[in-house]
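The values are calculated or read from the model by the stated rules, or taken from the named source; none is laboratory data. Owing to the predicted nature of the structure, the values given are computational and were not obtained by experimental measurement. All Cβ positions, even for glycine, are placed from backbone atoms using ideal geometry, and neighbour counts span all protein chains on display. For accessibility, only protein heavy atoms count, side chains too; no ligands or nucleic acids. Shrake-Rupley method; radii C 1.70, N 1.55, O 1.52, S 1.80 Å.
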Amino acid sequence: RADAAVLVIDANEGVRENSRRHGYFLSMLGIGRFVVCVNKMDLANYSRSVFEGIKAEYSAFLSQISLQPDVFIPVSAYAGENVIARSNAMPWYDGPSLLDAIEAFQAPAPDQAMPLRMPVQDVYKFTALGDDRRILAGRIESGSLRAGDPVVFLPSNKMAAIKSFEAFNAVAPA
């Protein structure tokens, strides 16, 4: 259910079987937007050659499974280097910080051409003052809804029609 990922490789250990396994997971799950962080650069003396070696080896592996990361980022999470802001410890790196790379991810818009999918997160039933409404709370993952639309609840296959839309602390959409 993820739209993007951060894959972490230890600079001291380099590309290991676990690193490859995580790449396979991204491929199988269909996660195409991701960054690769080469962490613990402080333990590798912030070496550009260590970073470039890991980047070359892992890029070759990823190309075999038809994946391309958005960016490789050398970081030292312990020292905070290239995590929030660009680091002076690695002047040879001119890409984004990890935070900048994560903020660049954009969630894809829900596909309204697909059938409606809305996981129900909660059901509110109000009984005070004779209010017999049931309000279902959730987020539309695909498809769209309008007042009057019929809906089927799974797994019970019970049917109902949308009467209205409600919003808490906001103006309900028309």
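Quick check: anything in the range 16-23 outside any helix (DSSP H, G or I) and free of Cβ contacts under 8 Å to residues at least 12 places away in the same chain?
Checking the range 16-23: at least one residue is outside any helix (DSSP H, G or I) and free of Cβ contacts under 8 Å to residues at least 12 places away in the same chain.
Pick from VAL35, VAL6, VAL83: which is part of a strand (DSSP E or B) and open to solvent by 20 Å² or more (accessible area, probe 1.4 Å)?
Selected residue: VAL6, the only one of VAL35, VAL6, VAL83 that is part of a strand (DSSP E or B) and open to solvent by 20 Å² or more (accessible area, probe 1.4 Å).
Would you point out the residue of the range 115-131, among those that are open to solvent by 100 Å² or more (accessible area, probe 1.4 Å) and at pLDDT 80 or above, that is farthest from ALA167 (Cα to Cα)?
Result: ARG117.
Scan the range 143-170 and report the pairs whose first residue is assigned to a strand (DSSP E or B) and whose second residue is surrounded by 10 or more Cβ atoms within 10 Å (Cβ to Cβ) and not hydrophobic (A, V, I, L, M, F, W, C), with Cβ atoms within less than 8 Å and a gap of 6+ or a chain change.
So the pair list comes out as ALA161/ASP149.
For VAL71, work out the one condition from (1) touching a Leu at 6+ places or on another chain (Cβ under 9 Å); (2) surrounded by fewer than 17 Cβ atoms within 10 Å (Cβ to Cβ); (3) among the aliphatic types (A, V, I, L, M); (4) within 18 Å of ALA4 (Cα to Cα) it doesn't fulfil.
Tallying (1) touching a Leu at 6+ places or on another chain (Cβ under 9 Å); (2) surrounded by fewer than 17 Cβ atoms within 10 Å (Cβ to Cβ); (3) among the aliphatic types (A, V, I, L, M); (4) within 18 Å of ALA4 (Cα to Cα), VAL71 fails exactly one: (1).
Among the residues of the range 132-142, which ones are under 29 Å from PRO108 (Cα atoms) and either open to solvent by less than 70 Å² (accessible area, probe 1.4 Å) or not in a loop (DSSP other than H, G, I, E, B) (or both)?
Scanning the range 132-142 gives ILE135, LEU136, ALA137, GLY138, ILE140, GLU141, SER142.
Out of (1) more than 15 Å from ALA11 (Cβ to Cβ); (2) touching a residue at least 12 places away in the same chain (Cβ under 8 Å); (3) polar (S, T, N, Q), what's the single condition that is false for GLN64?
Against the list (1) more than 15 Å from ALA11 (Cβ to Cβ); (2) touching a residue at least 12 places away in the same chain (Cβ under 8 Å); (3) polar (S, T, N, Q), GLN64 comes up short only on (2).
Pairs needed: first member in the range 107-135, among the acidic types (Asp, Glu); second member anywhere, at pLDDT 80 or above and not in a helix (DSSP H, G or I); C-beta distance under 6 Å; at least 6 residues apart or different chains.
ASP111/SER142; ASP122/ALA137
Output the residues belonging to the range 96-114 that are within 21 Å of the chain's Cα centre (by Cα), surrounded by fewer than 14 Cβ atoms within 10 Å (Cβ to Cβ) and not in a helix (DSSP H, G or I).
Result: GLN106, ALA107, PRO108, ALA109, ASP111, GLN112, MET114.
Which one of TYR93, TYR78 is of a type in the set (Ser, Thr, Tyr) and open to solvent by 30 Å² or more (accessible area, probe 1.4 Å)?
Just one listed residue meets the conditions, TYR78.
Among the candidates PHE61, PHE51, which residue alone is in a helix (DSSP H, G or I) and farther than 24 Å from ASP3 by Cα? Steps first, answer last, please.
Working: PHE61 fails: farther than 24 Å from ASP3 by Cα.
Result: PHE51 is the single residue among PHE61, PHE51 that is in a helix (DSSP H, G or I) and farther than 24 Å from ASP3 by Cα.
Of everything in the range 25-62, what is farther than 19 Å from TYR93 by Cα and modelled with pLDDT of 95 or more? Give them in sequence order.
Residues satisfying the conditions are ALA60, PHE61, LEU62.
Name the one entry in ALA56, ALA44 that is out of contact with any helix residue (DSSP H, G or I) (no Cβ under 7 Å at 6 or more places or on another chain), aliphatic (A, V, I, L, M), open to solvent by less than 70 Å² (accessible area, probe 1.4 Å) and not in a strand (DSSP E or B).
Exactly one of ALA56, ALA44 is out of contact with any helix residue (DSSP H, G or I) (no Cβ under 7 Å at 6 or more places or on another chain), aliphatic (A, V, I, L, M), open to solvent by less than 70 Å² (accessible area, probe 1.4 Å) and not in a strand (DSSP E or B), namely ALA56.
If you take the residues of the range 115-158 that are of a type in the set (Ser, Thr, Tyr) and farther than 30 Å from ALA4 by Cβ, which of them is nearest to the chain's Cα centre (by Cα)?
Checked the range 115-158; the qualifying residue nearest to the chain's Cα centre (by Cα) is TYR124.
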